[in-house]
Amino acid sequence: MRLILRTLLAMAAAAAALVLVNLAGGEVARWLGLAPGGNARLGWDLAWTIAGGIAAITTAARCASAAARGHALACLGLIGLATVYAVVQLGGDFPRWFNAGLVLSLPLQGWLGLRWGLGRTGA
């Protein structure tokens, strides 16, 4: 029972990391005076979305009490599902380069998130 609770807490922490990094990106954009909309802002938001995914995967691995790699891969899978769903449902509202960036960045998010989440040991 304790292991299940720790797993749920690790995944909740990963979700919180994803949201907080994306919120931070929006705030920094506001401070820099980036106008909402347009390609520049979409590029900015894409970068912060990728950073949020990396932070979530890293957090899932670091907070896991056991099977850190499994937690990170499960988090990557959930991010992948959410990404594909968003592109299918909302893809027409955004330029193709943005949708492609979301999908094509998934391997990068997984690789960096696993690397940073597992540390140098690769446990």
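Read-outs throughout are calculated quantities, based only on the coordinates presented, and are distinct from any laboratory measurement. Just so you know, these numbers come straight off a predicted model, no measurement behind them. Neighbour counts run over all protein chains shown; Cβ positions are idealised from the backbone, glycine included.
One table, with the values for the structure above:
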{"read-out": "Cα-centred dipole magnitude for the chain, charges only on beta-carbon of K, R (+1) and D, E (-1), debye, nearest 20", "value": "420"}
{"read-out": "On Cα atoms only, tilt of 38-63 relative to the major axis of the chain in degrees", "value": "0"}
{"read-out": "Degrees between helix 106-118 axis and first principal axis of the chain (Cα, 0 to 90, nearest 10)", "value": "40"}
{"read-out": "Pair ARG115, ALA82: separation of 7 Å Cα→Cβ label points (nm)", "value": "2.3"}
{"read-out": "Pair ALA67, ALA24: separation of 7 Å Cα→Cβ label points (nm)", "value": "2.9"}
{"read-out": "Helix-only [θ]222 nm of the chain, DSSP H runs n ≥ 4, -39500 (n - 2.57) each, per residue, nearest 500", "value": "-28500 deg cm²/dmol"}
{"read-out": "Whole-angstrom gap from segment 21-70 to segment 89-116, using each part's C-alpha centre", "value": "11"}
{"read-out": "Segment 42-70 residues near the modelled MET1 label - backbone nitrogen below 20 Å, point 7 Å along Cα→Cβ", "value": "65-66"}
